[in-house]
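Colleague: Let me begin by handing over the structure; questions about it come next.
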Amino acid sequence: MTDLTSRGWIVAKGCMFGALILACGGLLILGAPSIRTAFLVLVLVWSTARFYYFLFYVLEKYVDPALRYSGVWALLREVRRGRRRHAER
C-alpha cells in the first residue's frame, strides 16, 4: 500500500475522522445522557489525541530518532524486531 499524498484526500480523511469522533461521542452521550458520560467522552478524545502525539512525535523526536514507522502496527513490529536484535547481542 502506498502513502496517501493527495492534499484533498488527506483533508477528506481528517474530516471523516472528525465526523466519526462527533458521531460516536454524540451517540454515547445520547445513549446515557449525563455529565459523567460527557466528561468521560471528552477525556477519551483528549487522551487519544495525546497518545497519538506521543506515538508519532515524542517517540521519534525525544526517544529514538532512528525509529521510523508508518502506523501502530509498524511500530509494534519495530519494537518486536528491536527486542529480538537486543536479545541476540
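Colleague: Please indicate, with yes or no, whether at least one residue in segment 54-61 is of a type in the set (Asp, Glu) and surrounded by fewer than 10 Cβ atoms within 10 Å (Cβ to Cβ). Show your work before the answer.
Modeller: As a first pass, look at segment 54-61 and keep what is of a type in the set (Asp, Glu): 60.
Going one step further and asking which of them are surrounded by fewer than 10 Cβ atoms within 10 Å (Cβ to Cβ), we end up with none.
No, the conditions are met nowhere in segment 54-61.
Colleague: Then there's this: Among the residues of segment 33-53, count how many are modelled with pLDDT under 90 and more than 17 Å from GLY18 (Cα to Cα).
Modeller: Of the residues in that region, 0 qualify.
Colleague: Whether any residue in segment 32-52 is over 30 Å from GLY82 (Cβ atoms), surrounded by 11 or more Cβ atoms within 10 Å (Cβ to Cβ) and not hydrophobic (A, V, I, L, M, F, W, C) is what I want to check.
Modeller: Yes, segment 32-52 contains a residue that is over 30 Å from GLY82 (Cβ atoms), surrounded by 11 or more Cβ atoms within 10 Å (Cβ to Cβ) and not hydrophobic (A, V, I, L, M, F, W, C).
The values are calculated or read from the model by the stated rules, or taken from the named source; none is laboratory data. Everything quoted here is computed from the prediction, not taken from an experiment. With ideal geometry, Cβ positions are generated from the backbone for all residues, glycine too; neighbour counts draw on all protein chains shown.
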